[in-house]
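Only one structure is covered here, and it is reproduced in the block below.
The values are calculated or read from the model by the stated rules, or taken from the named source; none is laboratory data. The structure displayed is predicted, hence computed values, not measured ones. All Cβ positions, even for glycine, are placed from backbone atoms using ideal geometry, and neighbour counts span all protein chains on display. Surface accessibility is based on the protein's heavy atoms, side chains included, excluding ligands, DNA and RNA. Shrake-Rupley method; radii C 1.70, N 1.55, O 1.52, S 1.80 Å.
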Amino acid sequence: MEPVLQLKNLKKTIGRKEIIKGLSFDVYPGEVFGFLGPNGAGKTTTIRMLVGLISITEGEVVIKGTSITKNFEKAVQHIGGIVENPEMYKFLTGHQNLVHYARMVNGVTKERIKEVSELVGLEKRIHDKVKTYSLGMRQRLGIAQALLHRPSILILDEPTNGLDPSGIREVRDYVRKLARKEGLAVIVSSHLLSEMEMMCDRIGIIQNGSLVGVQKVTEFMNEERFIRVQFQLNDSTKAKTVLSQQFPELVIEQNDKGLELSLENEMIPKINASLVKNEINVYGIVQLTKTLEDRFLEVTGGNQIG
Ligand SMILES: Nc1ncnc2c1ncn2[C@@H]1O[C@H](COP(=O)(O)OP(=O)(O)OP(=O)(O)O)[C@@H](O)[C@H]1O
Ligand SMILES: [Mg+2]
């Protein structure tokens with residue numbers, strides 16, 4: 001499948017400060033991609049470049065095969081985006097707001113306005129004034145507005161900010177539905193891992209303008225059965241002999257620091273006990289791989305170790 005959106009080594013420098021330091025990732029049709037990072041990580045800056053609100057310092061953004069720097073008009077037709085809170089006229093109805101925005105876009109029909117209202121589940125309230133809407137409904141009206149011109153990718157910067165749990169759920173459900181039913185590619189940013197897990201197919205973590213990791217949510221939930229661990233020992237050769245006899249299924253790699261093993265967590269004490277019993281000195285047991293959650297906790301300061 002062809003990606004809808006490609007970021008290729010995207011960079012942004014403002015003044016002398018490099019804020020975005022070379023981001024690369026692809027987003028596919030029907031996929032919800034979560035852009036996760038703490039405050040100040042660079043989510044909004046990246047999104048502003050994607051929708052053409054600020055210039056790109058270096059690198060490229062390609063939307064359905066068209067580079068936004070080379071052919072902005074054509075590329076941007078495929079994007080529906082909400083960067084700041086959508087401005088709505090509170091004393092007009094949801095429908096009147098959509099009609100108003102439709103005037104600024106070519107070829108939006110009455111039917112399309114009805115269709116987008118239904119897509120975000122506002123059909124019953126669309127003729128009520130926006131001032132009577134909950135915050136979640138206003139967000140959904142914003143999404144409806146962004147969908148008017150039939151974009152292939154929807155870009156939402158912190159769409160659940162300020163919503164209560166039921167509002168968050170509304171937005172989440174509609175975002176998922178749009179991706180699944182309409183084949184829309186969606187990028188949503190957030191600083192909440194738990195929320196991203198429920199809404200997204202893949203999550204990319206951004207910290208200080210760099211991508212720390214990209215991972216599928218399914219892998220993310222059941223990963224870490226196997227971890228990579230280094231045993232620092234006084235006699236690796238003897239340890240290797242002992243362990244391969246006692247645990248024949250283990251894949252053991254010997255290097256100048258000791259032994260490296262891929263194993264389940266529960267194996268660590270068993271191996272340690274076996275080494276000690278065989279009078280091998282264990283100087284350290286170090287976990288080498290990290291889960292996306294570990295990395296996120298590290299970048300957000302949730303992990304105080306070290
Ligand atoms: N116009 C600007 N001039 C100077 N620095 C800027 C400018 N815009 C953003 N920054 C800096 O770039 C960094 C990234 O900001 P950005 O708003 O993209 O982060 P964010 O991930 O969206 O954060 P938040 O979760 O708070 O919305 C911050 O350190 C910010 O201070
Ligand atoms: Mg932001």
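Between a first residue in region 168-185 that is more than 9 Å from M199 (Cβ to Cβ) and touching a residue at least 60 places away in the same chain (Cβ under 8 Å) and a second residue that is assigned to a helix (DSSP H, G or I) and not aromatic (F, W, Y), which pairs have beta carbons less than 6 Å apart while being 6 or more apart in sequence or on different chains?
Matching pairs, first to second residue: L184/L178.
Search region 255-278 for residues being among the acidic types (D, E) and open to solvent by 90 Å² or more (accessible area, probe 1.4 Å), and hand back the single one that is nearest to I227 (Cα to Cα).
The initial filter retains those residues of region 255-278 that are among the acidic types (D, E), namely 256, 260, 264, 266.
Those still in the list that are open to solvent by 90 Å² or more (accessible area, probe 1.4 Å) too: 256, 266.
Details: D256: 20, E266: 11 Å.
The residue in question is E266.
With respect to N71, determine if the residue is without any contact (Cβ under 8 Å) to a residue 12 or more places away in the chain and either closer than 29 Å to E111 by Cα or not hydrophobic (A, V, I, L, M, F, W, C) (or both). Even if it seems obvious, please write down each step before you answer.
Working: without any contact (Cβ under 8 Å) to a residue 12 or more places away in the chain: yes; either closer than 29 Å to E111 by Cα or not hydrophobic (A, V, I, L, M, F, W, C) (or both): yes.
Against the criterion (without any contact (Cβ under 8 Å) to a residue 12 or more places away in the chain and either closer than 29 Å to E111 by Cα or not hydrophobic (A, V, I, L, M, F, W, C) (or both)), N71 qualifies.
Being away from ligand 1 (no atom under 16 Å from the Cβ), modelled with pLDDT of 90 or more and within 14 Å of G80 (Cα to Cα), is that true of even one residue in region 129-138?
no
Cβ-Cβ below 9 Å, separation at least six or inter-chain, first residue in region 101-113 and over 18 Å from I82 (Cα atoms), second outside any helix (DSSP H, G or I) and open to solvent by less than 80 Å² (accessible area, probe 1.4 Å): which pairs?
N106/H149; G107/H149; V108/L148; V108/H149; R112/L148; R112/H149
Please give the number of the condition I56 fails out of (1) closer than 22 Å to E182 by Cβ; (2) of a type in the set (V, I, T); (3) at pLDDT 90 or above.
Here I56 meets the rest and fails (1).
Looking at I227, I206, I153, I252, can you tell me which residue is within 16 Å of ligand 1 (Cβ to nearest atom), open to solvent by less than 50 Å² (accessible area, probe 1.4 Å) and either over 29 Å from L10 (Cα atoms) or hydrophobic (A, V, I, L, M, F, W, C) (or both)?
On the way: I227 fails: within 16 Å of ligand 1 (Cβ to nearest atom); I153 fails: within 16 Å of ligand 1 (Cβ to nearest atom); I252 fails: within 16 Å of ligand 1 (Cβ to nearest atom).
From the options I227, I206, I153, I252, the qualifying one is I206.
Condition test on L163, is it free of Cβ contacts under 8 Å to residues at least 60 places away in the same chain and within 16 Å of ligand 2 (Cβ to nearest atom)? Write out each step before concluding.
On the way: free of Cβ contacts under 8 Å to residues at least 60 places away in the same chain: yes; within 16 Å of ligand 2 (Cβ to nearest atom): yes.
Yes: the conditions hold for L163.
All but one of (1) buried (at least 18 other Cβ atoms within 10 Å of the Cβ); (2) among the β-branched types (V, I, T); (3) free of Cβ contacts under 8 Å to residues at least 60 places away in the same chain hold for T46; state the number of the condition that does not hold.
Only one criterion in (1) buried (at least 18 other Cβ atoms within 10 Å of the Cβ); (2) among the β-branched types (V, I, T); (3) free of Cβ contacts under 8 Å to residues at least 60 places away in the same chain is unmet by T46, namely (3).
T93: of a type outside the set (A, V, I, L, M, F, W, C), modelled with pLDDT of 95 or more and within 15 Å of ligand 2 (Cβ to nearest atom), yes or no?
no
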